[in-house]
Amino acid sequence: MKASRAQDALPLAVRRDLRTLGFNIATARKRRNLTVASVAERAFVGRNTITRVERGDSGVALGIYATLLFVLGLSGQLGNIADPGEDRVGQSLEADRLPVRARTARAERSGGT
């Protein structure tokens, strides 16, 4: 299968994060004493796909990664990946767009008439 240009252009930090995720998935599988074959069967994918995930292959669909996390009992953390409450850059940008001072409505300033 030919890799897409997007996969070739992945930033190094993203590739490292995927390798770390794959390593963490492999570690979780081994700690649970599960074979690649048994996890593949539970996730309805092939053994080769599990091996690719554990290597951090960016060509594997995100849904497969999510399914494996579910099979391993780790999917509860998945929804927190882009948590707006933890997005310091986004919060800072939002704060910069707030008005410098608050103004009251014109009717309130003139006494309501």
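Structure above, values below:
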item	result
Pair Asn33, Arg106: separation of 7 Å Cα→Cβ label points (nm)	7.7 nm
Rounded to whole Å, sorted largest first: equivalent-ellipsoid semi-axes of the chain, Cα gyration tensor	47, 18, 12
For peptides 7-18, 33-44, sequence by mean Cβ density within 10 Å, most packed first	33-44, 7-18
Helical contribution to [θ] at 222 nm, DSSP H n ≥ 4, -39,500 (n - 2.57), averaged over the chain, rounded to 500	-16000 deg cm²/dmol
Per-residue Cβ neighbour rank within 10 angstrom, fewest leading, Ile64, Ile25, Ile50, Ile81	Ile81, Ile64, Ile25, Ile50
Sorted by Cβ neighbour density within 10 Å, fewest at the top, the residues Arg101, Arg29	Arg101, Arg29
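Each reported figure results from applying straightforward, stated rules to the coordinates on display, with no laboratory input. Given the structure is predicted, the values throughout are model-derived calculations rather than measurements. Positions of Cβ are backbone-derived with ideal geometry, glycine not excepted, and every protein chain shown enters the neighbour counts.
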